[in-house]
């Protein structure tokens, strides 16, 4: 039996990168996973792939900046399984720009709405369907731990995710729901391609001498959703190869 055997998990922003890595890690540990993203063709392709591997997953097309889509995601899961054991808030976007060049709608609003507001909305809607031993896992970033030029909006949202995590851990702890965050560093993905300029700039700063793989975030997400972390809540776990040590 896997560490997440028969647990019902939702993973947002999961058609690539970290989200995809978390879904695969959860399925391998026995969870039933509902995952979402905006790209229908890619989502259905992954759903079929997981089915061929013998896993149970469902893809729901959803834009996490649209409240109605988040509601539909939660409703689909509850209708199919009757409960939610784990919610992984992962959907996000990385944009870099000088503050004077920032566009209010396409830059500020998009980053705030996807990286932070959607976490609030999904949490509000999922919690009523979580019993004792429920788990909320928020994907933040080491970008939320300090400042970087041209990353003020991204960093502010990720710092907000960490603050949300800590506050929710105290609010939901009495209900038996644990809340933790993961702060990835350089993780290879569409958002952070291996040969990308930003990625290459960060690699010399990493003591382990390499970037991380989405599966290495997946293993941490498994730990946080499993009984192995039954006394762990309110934490922001850094997974960055030692970059911020």
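Computed quantities for the displayed model
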quantity: Per-region count, region 83-107, residues touching a residue at least 60 places away in the same chain (Cβ under 8 Å) and part of a loop (DSSP other than H, G, I, E, B); calculated: 9
quantity: Extreme residue, farthest from residue 119 (Cα to Cα), among residues of region 186-209 that are surrounded by fewer than 22 Cβ atoms within 10 Å (Cβ to Cβ) and in contact with a helix residue (DSSP H, G or I) (Cβ under 7 Å, 6 or more places away or on another chain); calculated: 193
quantity: The one condition in (1) closer than 24 Å to residue 148 by Cβ; (2) at pLDDT below 95; (3) in contact with a helix residue (DSSP H, G or I) (Cβ under 8 Å, 6 or more places away or on another chain) that residue 132 fails to fulfil; calculated: (1)
quantity: So residue 1, is it touching a residue at least 24 places away in the same chain (Cβ under 8 Å), part of a loop (DSSP other than H, G, I, E, B) and more than 23 Å from residue 219 (Cβ to Cβ); calculated: no
quantity: Which listed residue, of 233, 244, is surrounded by 20 or more Cβ atoms within 10 Å (Cβ to Cβ), touching a helix residue (DSSP H, G or I) at 6+ places or on another chain (Cβ under 8 Å) and assigned to a loop (DSSP other than H, G, I, E, B); calculated: 233
quantity: Test: residue in region 174-182 that is farther than 26 Å from residue 214 by Cα and assigned to a helix (DSSP H, G or I); calculated: yes
quantity: Where residue 148 falls short, out of the listed (1) under 30 Å from residue 28 (Cα atoms); (2) at pLDDT below 95; calculated: (1)
quantity: The one condition in (1) over 19 Å from residue 60 (Cβ atoms); (2) outside any helix (DSSP H, G or I); (3) modelled with pLDDT of 95 or more that residue 116 fails to fulfil; calculated: (2)
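The values are calculated or read from the model by the stated rules, or taken from the named source; none is laboratory data. It should be emphasised that the depicted structure is a prediction, and the values quoted were computed from it without experimental measurement. Virtual Cβ from ideal backbone geometry, glycine too; neighbours counted across all protein chains shown.
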